[in-house]
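Each remark here refers to the structure printed beneath this line.
Just so it is clear, none of the values below were taken in a lab; they were calculated from the coordinates. Here the structure is a predicted model, which is why all the values come from computation and not from measurement. Because the Cβ atoms are built from the backbone with ideal geometry, glycine has one as well, and the counts that use them run over all protein chains shown.
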Amino acid sequence: MSQATITRRYRFCAAHRLHTDQLSAEENRTTFGKCNNPNGHGHNYVVFVSVRGDIDPITHQVLEVSQLDAAVEQIVVRRFDHQDLNRDPEFAAQTTTGENLVLFLWELLVDQLPSGRLVKVGLIETRDNYFEYSGSAESNRREEGVSHG
Ligand code: NI
């Protein structure tokens, strides 16, 4: 059976501040620049979710788009839209970099999709910043031994 990948785009707006307690105030300023501003700032995040699968012989689709939309809306958009990412429990001890955020989006979504279906999560943070992660669909970063802080 032929396989294909569909990528859907989603959006949320959120505030954050790049800061880590592992660095001094001066080191934080040097490392993160204006993103370390104590008052925070916001982004119009764009999330790309890529799902691979067999092309269904009846629907000729790899998934029901409405089901993916509902899952992403419930798990990602409702959680982060118009929120301060630094106040999210996941980021209590983690910096809200695009890298950490895209890994966490993967972790949230991989558990909601049938095994092996999620192939990539992309995240646009600014005009010039794009992050992506395509870890093993059968595992998440906890299993890969990446520390949560
Ligand atoms: Ni930022």
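Can you sort Lys120, Lys34 by how many other beta carbons sit within 10 Å, fewest first? All intermediate terms of the calculation are to be shown ahead of the outcome.
Numbers: Lys120 18, Lys34 8.
In increasing order of surrounding Cβ atoms, one gets Lys34, Lys120.
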Directionally averaged projected area (convex hull, Cα atoms, the chain), nm²: 9.5
- line: Simple SL model, points at 7 angstrom along Cα→Cβ for Ser66 and Thr126; separation in nm is 4.0
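Relative contact order for region 3-143: what is it in percent, counting Cα pairs under 8 Å that are at least 6 residues apart? Write down the numbers at each step before the final one.
Working: 221 pairs, mean separation 40.6, N = 141.
Relative CO of region 3-143 lands at 29 percent.
Can you give the helix-only mean residue ellipticity at 222 nm for the chain, where every DSSP H stretch with n ≥ 4 adds -39500 (n - 2.57) and the sum goes over all residues, rounded to the nearest 500 deg cm²/dmol? Spell out each step's value before the answer.
Working: 3 runs with 29 residues, N = 149.
The helix contribution divided over the chain gives -5500 deg cm²/dmol.
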message: Can you tell me which of Ile75, Ile58, Ile124 moves the most in a GNM of the chain? Springs connect C-alpha atoms under 10 Å apart.
response: Ile58
message: Among Thr20, Thr95, Thr59, which one shows the highest mean-square fluctuation when the chain is modelled as a Gaussian network with alpha-carbon springs under 10 Å?
response: Thr59
- prompt: GNM on the chain, C-alpha springs below 10 Å: top fluctuator among Gln67, Gln83, Gln112?
  reply: Gln67
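Report the gain in length on full extension from Thr30 to Gln74: 0.36 nm times residue separation, minus Cα-Cα distance, nm rounded to one decimal. Don't skip to the end; give the middle numbers.
Values: separation 44, 0.36 × 44 = 15.84 nm, distance 3.67 nm.
Additional length available on full extension: 12.2 nm.
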task: Output the antiparallel fraction of DSSP beta bridges having both residues in the chain, as a percent to the nearest 5.
output: 95
Simple label model, 7 Å out from Cα along Cβ direction - Glu99 to His41, nm: 1.9
task: Would you grab the residues whose amide H sits under 5 Å from the one on Thr97? Only those 5+ places off in sequence or on another chain, please, with H modelled 1.01 Å from N.
output: none
task: Select from region 1-94 those GluC sites (Glu not before Pro) which occupy a DSSP coil region and have at most 16 other Cβ atoms within 10 Å, ordered by residue number.
output: Glu64
